[in-house]
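Just below is one structure, and these are the notes that go with it.
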Amino acid sequence: MLKNCLTGLDELFVEDSDIPVGSVVLITGIEGSLKSSFVFSLVSNYLAGSNRHAVYATMEETEESCLRNMKSIGVKKMENMHIFDYRDMRHEFKDVVPDMIKITEDMINFYKNKYPDITVFAFDSLNVLYSVMPPENLRTIMYYFFSLLRDKGLTSFLILETSSREKHSPIWIGDSMERPEFFLADGVIELGMLETKENVKRYIQIRKMRAANHSMRKYQLVVEKDGIHVFGSVY
């Protein structure tokens, strides 16, 4: 179960509930809230000791940079986690606007053909994807992307950075507003920071999870020598 892959994460779920298999889950939060580290750690621990495989696709970092950052906070990469960093794609399409959804679909098909036991997909991040996508028909494009991930039988974690001021506000496109990913996603897990006069606490909160019973409380998210842990309520 995914909820058992990080110490304390099971406290956010009620009884036998878990992140449902095949869900598309947004991991949202401001900068520095451990979004990438949380996803990487969760997926890598999920793969430990199993024959399953996963793909971690990053548009923001190179594979080397990603691994270096994870190692610095005690997060280990399992051999059956495959990192795709889009580096060659960026060079190939530097003078044109690429169809990143099609490229991502082809990449998933490649890995699934090579490793039929791929069950988990992680994508870092939607912000970068939006920056290279035409703004027209964003809702339709994202509906196709989310449906694609479900049709492939993948449990997917899509990272989306939000600002503290605009946490769940719409994206403005011309004269209209769009925030399609929050409506289309099966789950939304928010990571954030609470500031007091004494210190700053990172937290995790499940804001939405279809077909699962879960707490709505904020829990502490802490980095220790052996990686990321979830502790009791921040209040």
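The table below gives the values:
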| read-out | value |
| --- | --- |
| Any hit, segment 64-73, residues being within 21 Å of Ile141 (Cα to Cα) and touching a residue at least 12 places away in the same chain (Cβ under 8 Å) | no |
| In segment 201-221, the residues that are closer than 21 Å to Val25 by Cβ and assigned to a strand (DSSP E or B) | Arg202, Tyr203, Ile204, Gln205, Ile206, Arg207, Lys208, Met209, His214, Tyr219, Gln220, Leu221 |
| Residue among Ile108, Ile103, Ile73 that alone is closer than 30 Å to Lys225 by Cα and among the β-branched types (Val, Ile, Thr) | Ile73 |
| Subset of segment 196-235 that is among the charged types (D, E, K, R), within 25 Å of Val75 (Cβ to Cβ) and at pLDDT below 95 - its residue that is surrounded by the most Cβ atoms within 10 Å (Cβ to Cβ) | Lys201 |
| Complete set of residues in segment 1-20 that are acidic (Asp, Glu) and either buried (at least 22 other Cβ atoms within 10 Å of the Cβ) or outside any loop (DSSP other than H, G, I, E, B) (or both) | Asp10, Glu11 |
| Any hit, segment 43-55, residues being touching a Lys or Arg at 6+ places or on another chain (Cβ under 8 Å) and either assigned to a strand (DSSP E or B) or more than 15 Å from Ile228 (Cβ to Cβ) (or both) | no |
| Wholly within segment 73-170, helices (runs of 4 or more DSSP H) carrying at least 2 residues that are modelled with pLDDT of 95 or more and either among the hydroxyl-bearing types (Ser, Thr, Tyr) or surrounded by fewer than 19 Cβ atoms within 10 Å (Cβ to Cβ) (or both) | 100-114, 138-151 |
| Selection from segment 202-235 of residues that are charged (D, E, K, R) and under 12 Å from Phe38 (Cβ atoms) | Arg202 |
| Enumeration of residues in segment 186-235 that are under 17 Å from the mean Cα position of the chain (by Cα) and of a type in the set (Phe, Trp, Tyr) | Tyr203 |
| Pairs where the first residue, in segment 119-145, is farther than 20 Å from Val55 by Cβ and the second is among the acidic types (Asp, Glu) and assigned to a strand (DSSP E or B), C-beta under 7 Å, 6+ apart | Leu138/Glu178; Arg139/Glu178 |
| Qualifying residue in segment 21-32 (condition: in a loop (DSSP other than H, G, I, E, B), more than 19 Å from Val222 (Cα to Cα), of a type in the set (A, V, I, L, M) and in contact with a strand residue (DSSP E or B) (Cβ under 8 Å, 6 or more places away or on another chain)) | yes |
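The values are calculated or read from the model by the stated rules, or taken from the named source; none is laboratory data. Note that the coordinates shown come from a computational prediction; the quantities given were computed from them, not determined experimentally. Positions of Cβ are generated from backbone atoms using ideal geometry, with glycine treated the same way; all protein chains shown enter the neighbour counts.
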